[in-house]
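What follows draws every value from the coordinates through simple rules; no lab data is involved. On a predicted model such as this, the values are computed, not experimentally measured, just so you know. Positions of Cβ are generated from backbone atoms using ideal geometry, with glycine treated the same way; all protein chains shown enter the neighbour counts.
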Amino acid sequence: MTNQLCIYCGGKEATTRDHVPPKSFFAKPRPSNLITVPSCNDCNCEYGKDDERIRNLIISIDTTEIHPMVKGKIDKKRDRSFRRKEGRSNLGHFINSIRMVKRYTENGEYLDLFPAFDLDQSIIDRFLERMVRALLYKENGMEYIDLDLKWKMAPSEKDLASMPDEQKAFIFSRPVKEIGDGIFAYVGYFIKGKTNSLWILNFFEGIEFMVWVKGV
Ligand SMILES: [Zn+2]
């Protein structure tokens, strides 16, 4: 019998389980349906280094810091990490890279302001690749494969409207899955056994990413 390989690198034996999203996104008591995926020790440690930074980033914007699980709960963990010097400079860097963008409806009516990052954030690339690999494994049984990944923050009505009808109908027919009280929600457009897919990932009901995945 062969041992399970790491779903992130495909090269090493999976000796641990990685939590997706990371455990630190959830206040205690944590929900019982956290997603875990087989991972090698190296990938688990490597990704683990990002956990605190990415969480601090995601909960520190207007639309997420009001979430009941953030306010007075996990923001305390952030504030503790803040007091350490490197935590502070990391967060400052992220906050500076966020700008508010205007969102419009399909008809061009002004909708709201929504946070967006400058796109050259490799930590977000890494985080979204990890999320999507984990979801492909969980939802589609997909092991490691070379992927080409594109993402966009805050998909607008227009993004959704520009999809082919068939894809749109399919994605709206998919159940939205939720882990924790609005902490993480996702919906995936994929075909069983295929890698090419589209994912909408929402964190703390306030920040949303649309991720396109292509096998290469
Ligand atoms: Zn690995």
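Structure summary
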item: Förster radius 30 Å - calculated FRET efficiency between LYS152 and ARG17, Cβ distance, rounded to 0.05; result: 0.50
item: In order through segment 9-26: 3J(HN,Hα) via Karplus (6.51 cos²θ - 1.76 cosθ + 1.60), integer Hz, x for Gly, Pro; result: 10, x, x, 10, 5, 7, 9, 9, 10, 9, 8, 9, x, x, 4, 5, 6, 10
item: Over 25 Å (Cα to Cα) - which of LYS73/LYS168; LYS77/LYS158; LYS12/LYS49; LYS102/LYS150 fall in this group; result: LYS73/LYS168; LYS77/LYS158
item: Extension reserve of the ILE145-LYS168 stretch, reckoned as 0.36 nm per residue once the Cα distance is removed; result: 5.7 nm
item: Cβ-defined net charge surrounding CYS6, 13 Å radius [Lys, Arg +1; Asp, Glu -1]; result: -1
item: Segment SER32-LEU160, extension gain: residue separation times 0.36 nm, minus the distance between their alpha carbons; result: 42.9 nm
